Amino acid sequence: MQIQVVDHPLVAHKLSILRDAQTPSSTFRQLVDELVTLLAYEATRDVPTTEVEVTTPITTTVGRKIADPAPVVVPILRAGLGMLDGMMKLLPTAEVGFLGMKRDEDTLDVVTYANRLPQDLNGRKCFIVDPMLATGHTMIAASNYLLDRGATDVTGVCLLGAPEGLRAVESEIGSRADVKIVIGAVDERLNEHGYIVPGLGDAGDRLYGVVD
Ligand code: URA
């Protein structure tokens with residue numbers, strides 16, 4: 001498994017504002033959007049392209065466009081929705097699949113409540129977008145759904161992670177596929193409730209408010 005921590009002053013600056021408990025949801029959403037474009041820039045570095053002829057005002061030349069079939073972006077509901085627009089700004093031709101997943105707060109296991117993915121992901125470059133890679137259970141389950149549908153090229157795009165979660169993804173998925181993780185920072189650890197420390201709290205609540 002390849003893990004790329006995007007070590008960049010703008011990422012560190014924006015993440016620090018996200019971490020601040022006083023940052024309001026409106027600013028939080030804006031910063032997540034900006035951060036995603038920085039992470040997506042790295043995550044899309046090897047997206048396949050094909051040659052295309054372009055007529056400029058001066059002459060014709062050969063340019064490149066993103067190859068078919070179009071990449072697939074899969075936000076994990078609810079918090080991954082906050083990252084979708086940023087991804088689509090950089091990949092406007094991508095298709096979007098949805099996975100609704102939440103964790104059982106007692107067992108920390110993943111419960112899937114929605115699954116709308118393209119049937120055949122063979123040859124499609126897939127991006128799973130989920131802000132927090134905590135226990136890794138969601139990333140493991142989401143990767144397995146995509147791999148089961150024939151995907152071979154899966155990249156997770158996350159804002160923050162914990163070492164425990166990254167190790168879990170490596171041990172559960174590593175032998176099945178070469179999944180790549182592009183992430184803004186890897187924090188110290190998980191606490192006893194499965195939250196990332198120091199982290200930023202519940203990303204879904206910070207983006208959209210608390211749901212009982
Ligand atoms: N999910 C979150 O939103 N935050 C965490 O710290 C862990 C999981």
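Points to keep in mind about this one:
- Any hit, segment 176-193, residues being more than 23 Å from ALA12 (Cβ to Cβ), free of Cβ contacts under 8 Å to residues at least 60 places away in the same chain, out of contact with any Cys (no Cβ under 6 Å at 6 or more places or on another chain) and aliphatic (A, V, I, L, M): yes
- The strands (runs of 3 or more DSSP E) found entirely in segment 16-92 that carry 1 or more residues being surrounded by 13 or more Cβ atoms within 10 Å (Cβ to Cβ) are 60-66, 72-77.
- Any hit, segment 104-117, residues being in contact (Cβ under 8 Å) with a residue 24 or more places away in the chain, within 12 Å of the ligand (Cβ to nearest atom) and either surrounded by 16 or more Cβ atoms within 10 Å (Cβ to Cβ) or over 23 Å from PHE28 (Cβ atoms) (or both): yes
- Of note, ALA141 does not satisfy the criterion of being of a type outside the set (S, T, N, Q), out of contact with any Pro (no Cβ under 7 Å at 6 or more places or on another chain), away from the ligand (no atom under 16 Å from the Cβ) and open to solvent by less than 30 Å² (accessible area, probe 1.4 Å).
- Qualifying position, being of a type in the set (Lys, Arg), over 27 Å from PHE28 (Cβ atoms), more than 16 Å from the ligand (Cβ to nearest atom) and crowded, with 22+ Cβ neighbours inside 10 Å, among ARG149, ARG124: ARG124
- Taken as a whole, the condition of being touching a residue at least 60 places away in the same chain (Cβ under 8 Å), farther than 28 Å from ASP120 by Cβ and not hydroxyl-bearing (Ser, Thr, Tyr) applies to VAL32.
- Where a residue in segment 137-152 is without any contact (Cβ under 8 Å) to a residue 40 or more places away in the chain and its partner, wherever it lies, is open to solvent by 60 Å² or more (accessible area, probe 1.4 Å) and in a loop (DSSP other than H, G, I, E, B), with Cβ under 7 Å and at least six apart: HIS137/ASP109; LEU147/ARG176; ARG149/GLN119; ARG149/ASP120; GLY150/ASP120; GLY150/ASN122
- Total residues in segment 169-211 satisfying the condition of being open to solvent by 40 Å² or more (accessible area, probe 1.4 Å), under 17 Å from the mean Cα position of the chain (by Cα) and more than 9 Å from the ligand (Cβ to nearest atom): the figure is 3.
The values are calculated or read from the model by the stated rules, or taken from the named source; none is laboratory data. What you are looking at is a predicted structure, and each value in this text was computed from that prediction instead of being measured. Note that we place each Cβ from the backbone using ideal geometry, even for glycine, and neighbour counts take in every protein chain shown. Ligands, DNA and RNA are excluded from the accessible area calculation, which covers all protein heavy atoms including side chains. Shrake-Rupley method; radii C 1.70, N 1.55, O 1.52, S 1.80 Å.
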